[in-house]
1. By average Cβ neighbour count within 10 Å, what is the ranking of 218-227, 58-67 from highest down?
2. Under 10 Å, Cα contacts only: if you run a Gaussian network model on the chain, which one of Glu182, Glu247, Glu112 comes out with the highest mean-square fluctuation?
3. Using a Gaussian network model of the chain with C-alpha springs under 10 Å, which one of Lys41, Lys244, Lys13 is most mobile by mean-square fluctuation?
4. At a threshold of 8 angstrom on Cα-Cα distance, excluding pairs fewer than six apart, so keeping six or more, what relative contact order does the chain reach in percent?
5. Between Glu39 and Val284, what is the label-to-label distance in nm when each label sits 7 Å out along the Cα-to-Cβ direction?
6. Compare Gly208, Gly256, Gly140 in a GNM of the chain, Cα atoms joined below 10 Å, and give the one with the largest fluctuation.
7. If one computes the Cα centroid of the stretch 227-251 and of the stretch 175-190, what distance in Å separates the two points?
8. So if I take the centroid of the Cα atoms in the stretch 14-71 and the same for the stretch 91-126, what is the distance between those two points in Å?
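The numbers here are math on the coordinates, done by the rules we state, and not lab data. From a predicted model like this one, the values you see are computed outputs, not experimental measurements. Here the Cβ positions follow ideal geometry from the backbone for every residue, glycine too, while neighbour counts run over all protein chains shown.
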Amino acid sequence: MLVSAKEMLTKAKAGKYAVGQFNINNLEWTKAILQTAEELKSPVILGVSEGAGKYMCGYTTIVGMVNGMINELGITVPVALHLDHGSYDGAKACIDAGFSSVMFDGSHYPIEENIQKTKELVAICNEKGLSLEAEVGAIGGEEDGVVGSGEVADPKECKMIADLGVTMLAAGIGNIHGKYPENWAGLSFDTLDAIQQLTGDMPLVLHGGTGIPADMIKKAISLGVSKINVNTECQLAFADATRKYIEAGKDLQGKGFDPRKLLADGTAAIKATVKEKMELFGSVNKA
Ligand code: 13P
């Protein structure tokens with residue numbers, strides 16, 4: 001059964017570790033992430049962007065696939081199915097479809113409008129027992145057509161949004177979706193520290209988990225980050241392993257063209273990436 005992300009993130013914040021959100025793209029992705037979470041006894045959040053939602057034939061298809069897998073694979077660890085960077089309408093659609101968690105990304109609106117829309121969704125999510133992630137200060141880079149300018153959030157605005165009763169808060173602290181450029185300035189820990197001082201127990205979310213060095217991840221967790229989003233790194237690992245399989249001519253040997261064989265190395269690479277992240281984030285054996 002899907003669960004809200006509230007309990008797992010409250011525990012993570014108190015225990016000074018982070019739960020990974022891994023974005024899904026298809027059946028192989030979902031299976032790889034769920035199996036790894038179960039093997040490592042780690043709670044997990046499956047992220048779905050609106051674009052990935054369309055690709056996977058809509059939110060109800062995804063809810064059906066994930067619930068089916070939890071059942072058929074005997075998954076016992078807590079799993080939240082979460083809309084990533086949702087619009088207001090997208091969040092409502094996911095709530096109706098049976099997601100257990102949604103993000104409303106109102107970071108591109110003026111703060112008053114972000115507050116108003118977030119407030120409405122807090123009321124809906126509270127009534128249904130779902131978790132809600134809000135965002136202040138756009139995350140840089142491009143994610144599925146959503147382009148952020150890489151702002152550093154205003155801690156006072158973070159406090160205003162946190163006080164609305166959201167479950168977790170994503171704040172821009174110099175993080176970027178996708179690969180980090182050579183000249184990246186790194187995370188703004190002063191900003192993160194200031195945000196945590198104002199928001200207290202609120203679990204903070206670090207987007208753009210791909211390519212952030214391990215020491216920065218650890219420091220971010222020590223300053224209140226309890227959810228870390230990873231997407232691109234699984235895609236790169238999958239693509240690399242699949243390319244190697246084809247370059248080695250394995251698809252031309254025997255039944256190597258069978259998708260169950262063709263996609264096996266890529267799927268194993270996703271599992272290895274998820275394992276590495278769960279170990280780094282400290283969520284292993286926390287289910
Ligand atoms: P990356 O693709 O950089 O890992 O970011 C993922 C993310 O933040 C999803 O919201």
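1. In decreasing order of mean packing, 218-227, 58-67 become 218-227, 58-67.
2. In the Gaussian network model the winner is Glu182.
3. Lys244
4. Normalised by residue count, the contact order of the chain is 22 percent.
5. Each label point lies 7 Å from its Cα, and together they span 1.2 nm.
6. Its mean-square fluctuation being the largest, the pick is Gly256.
7. Value for the Cα centre distance between the two parts: 23 Å.
8. Result: 20 Å between the Cα centres.
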